[in-house]
Amino acid sequence: MSKRKTTGFTLVEILVVLVVISILIGLLYPALKGGMARAKKTTELNAIKQVGAAWAMYSVSNLDRLMPGHITTEMQEHWDVAWAYPDETLVPPAPFYQESDPNIAGSYPWRLLDRMNNRWETLIDYKKRTWNAMQVNEHAEEIATIPAFGYNGYYLGGFWDTDSHFNKPKLRYSQVLLQHGEVENVVARVASQITTPTNTVVFCSSFYGQEGKHLHLSDDTDGYHLAVPRILANVVQWEPRNDGVEIFVETSPPLGRHNGMPAIFFADGHVDDVQIYDLANQQMWIPKARDMGNTPASDFSHSE
């Protein structure tokens, strides 16, 4: 009677195979993770380019005027302007302009979305929302206030309010005092006033933060509809740090999603991800920034 010889792996062989597999996973995982991050960054850059293209269309259709950075409720009523949702109902505060109503049309998103075929997902995709078309109006305030990209609206288009005494339009930073004593408007209101469009930030991935260090922020950190330079007027807002920023007042600095570098749409139409240390340069935010005495243009500031 013959005996059948059985074969199989020994415990040592199985352990060796497991060790080899673990080593391969360890070698491949960083590359796979890096590839996923690059793909997400490419998606983010495509999204900010769509927003920037809509911004450029706004200027073209408004005789070269730049889209305002922010419009208060009083200013919208004074100008008698309103925007509409896809279902053609008006975006608050229109039509009654009550102070108690949320100023959803004050920030830029619902003023650009009609030029983006109402693809609101482009602005909020980083949050992975699953709303359907019937739910968009009820989430309109979230789209308006925490989009992925902040607008450099203090210095492009400007922050518009009404004068409390005369009820006339009032543009913030339209009359500021510079270091050499001159009074000047430092807000670019038309596209031709952006003298270095290849280097001027229009949109930047941003977030709203409190005072303190903000390092290693997650990719789904709430965005904000405004992005501010390192120095706003004469107040230092933030400083770059390794893997993030340090904030000195409540503000909305750049945020580097996916690879640590903020996504930027520049005024000439190109997009790129930029080192946050480069964004500390005031010339990238303020078209009229220049050397003032012993202060270089990179540290440009002015009175409130």
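Couple of notes before you dig in:
- Summing +1 for each Lys or Arg and -1 for each Asp or Glu among the other residues whose beta-carbon sits under 15 angstrom from that of LEU112 gives +3.
- Taking region 15-299 and dividing mean pair separation by its residue count, relative contact order in percent (alpha carbons under 8 Å, at least six apart): 19 percent
- With respect to the chain, whose longest principal axis is taken over its alpha-carbon atoms, helix 11-61 is tilted by about 20°.
- Spatial separation of Cα centroids for region 45-109 and region 152-184, in angstrom: 19 Å
- Cross-linked pairs LYS40/LYS170; LYS49/LYS288; LYS128/LYS170; LYS128/LYS288; LYS127/LYS168; LYS170/LYS288: Cα-Cα separations exceed 31 Å for LYS40/LYS170; LYS128/LYS170; LYS128/LYS288; LYS127/LYS168.
- Rg and Dmax of the chain, Cα atoms only, in Å: 24.7, 113
- Cβ crowding within 10 Å, taken as a proxy for footprinting-reagent exposure, orders MET36, MET261 from fewest neighbours to most as MET36, MET261.
- Which of THR73, THR162 has the fewest Cβ neighbours within 10 Å, and the rest in rising order: THR162, THR73
We did not get these values from a lab; they are worked out from the coordinates using the rules stated. As the structure is a computational prediction, the values presented were derived from the model and not from experiment. Glycine also receives a Cβ, built like all others from the backbone with ideal geometry; neighbour counts cover every protein chain displayed.
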